[in-house]
1. Determine, yes or no, whether residue 130 is modelled with pLDDT of 90 or more, buried (at least 20 other Cβ atoms within 10 Å of the Cβ), part of a strand (DSSP E or B) and of a type in the set (A, V, I, L, M, F, W, C).
2. So residue 182 clears everything in (1) in contact (Cβ under 8 Å) with a residue 40 or more places away in the chain; (2) in a loop (DSSP other than H, G, I, E, B) except one condition, right? Which one?
3. Within region 136-151, is even one residue surrounded by 15 or more Cβ atoms within 10 Å (Cβ to Cβ), among the hydroxyl-bearing types (Ser, Thr, Tyr) and in contact with a strand residue (DSSP E or B) (Cβ under 6 Å, 6 or more places away or on another chain)?
4. For residue 205, indicate whether it is surrounded by 19 or more Cβ atoms within 10 Å (Cβ to Cβ), part of a loop (DSSP other than H, G, I, E, B) and of a type outside the set (A, V, I, L, M).
5. Mind checking which residues of region 143-158 are in a loop (DSSP other than H, G, I, E, B) and modelled with pLDDT under 90?
6. Hey, can you tell me all the residues within region 240-265 that are modelled with pLDDT under 85 and surrounded by fewer than 17 Cβ atoms within 10 Å (Cβ to Cβ)?
7. Quick check on residue 178: is it surrounded by 13 or more Cβ atoms within 10 Å (Cβ to Cβ) and modelled with pLDDT under 95?
Amino acid sequence: MNGSLGRIMSELNLSTLSIPSIKFTDVIDIGLVALLIYCIMIWIKETRAWSLFKGIVIIFLVSIISYQMHFYAVSWIIEKTLSVGIIALIVLFQPEFRKGLEQIGKSNIVFGMFNNNDEGKIFQKTTQEIITASFKMSKVRTGALILIEQDVPLGDLENTGIPIDAIVSSQLLINIFENKTPLHDGAVIIRNNRVAAATCILPLTETEIGLDLGTRHRAAVGASEQSDAYIIVVSEETGAVSIAHDGKLYRNLSESDVLKMISKGVKPIRKRIKFWKGRKNNVENNK
C-alpha cells in the first residue's frame, strides 16, 4: 500500500504544482475593484436606480429559467430585448448617471489636494441673515424658496431667473418673497455671499414626497437631486421651514436644526491679525 502510494506521488510531478505569487499591487487592485463595486451598489441603493436594478435582476432570472425550461418564445423576446440593453440602460439611468458623475466631480479627490480655495462657502453672517429671513417669513406664512450654492454650479437655474447681484440681508429676502411683488414667484439663488438671481424656475422631482406637499417642495427636492445645494423651503400653507439636500427633504425644522444642517457649507469668519495694533492706538491717543 505504501509502495503504491509512493509510486502515485512520484508520478504526480509536485514541482509543477505551484501557488501563484500575489504582489502588493495585486492586493491594491483587488481592493480598488471591491471598493468600486461597493460604491456602485451603495449609489444604486440610495437612488431611484435601485428599483430599476431589481427589475433587471428579475428579467435576468426569467431569462435563465426560460432557457432551462425551453420556453423558446420567451427566450426569443428576452434575447431581442437585451440586444439593445446597453442603450436602454443609458436612457433609463440617465438622471442617476448624471448625479453620480456630479458627485465624483464635487468630491475633489484629485483637485482637492491642490485647491484650498474657500470660494463658494458662505459666511456665518450670511447664514444668519438667511435663517432670520426664513423664520420671519415663517411666522407670517410667506412662501419662500432659497438655494445656497455649494460646489455644483447653479448657472442653468440662474439663467431662468432675473439677475440681482446684491449683498444678502434678511430685509432683502423678505422683500423679494413678499406676496404680489414682481420677484416673489420662484426661487432665489445665493452664491458667494450674494443674492445672484430671483424668480428662478426649478425642476420638479419625480419622487413621491407626500400628498400634503405642493409644487414649492417638489421643486426644492428636484433641484437637490441635480446639485449639492442646500435649499430652504418656507411653506405658505403651514409656515413650516424645511431643507432639501441630496434628494431628501427634512421637514419642520427649528432655527438650530437649519443652522446645523447648512453649517457644513459655512466658512468661519477669521479675525484679521493686527500687527500694528499698538501703533494704531498711539495714533488715536495722539488725536
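The values are calculated or read from the model by the stated rules, or taken from the named source; none is laboratory data. These numbers come from a predicted model, not from an experiment. Please note: Cβ atoms are built from the backbone with ideal geometry, for glycine as well, and neighbour counts cover all protein chains shown.
1. No, not satisfied.
2. Among (1) in contact (Cβ under 8 Å) with a residue 40 or more places away in the chain; (2) in a loop (DSSP other than H, G, I, E, B), the lone unmet condition for residue 182 is (1).
3. Yes, region 136-151 contains at least one residue that is surrounded by 15 or more Cβ atoms within 10 Å (Cβ to Cβ), among the hydroxyl-bearing types (Ser, Thr, Tyr) and in contact with a strand residue (DSSP E or B) (Cβ under 6 Å, 6 or more places away or on another chain).
4. When the stated conditions are applied, residue 205 passes them.
5. Correct list: 150, 151, 152, 153, 154.
6. Within region 240-265, 263, 264 meet the criteria.
7. yes
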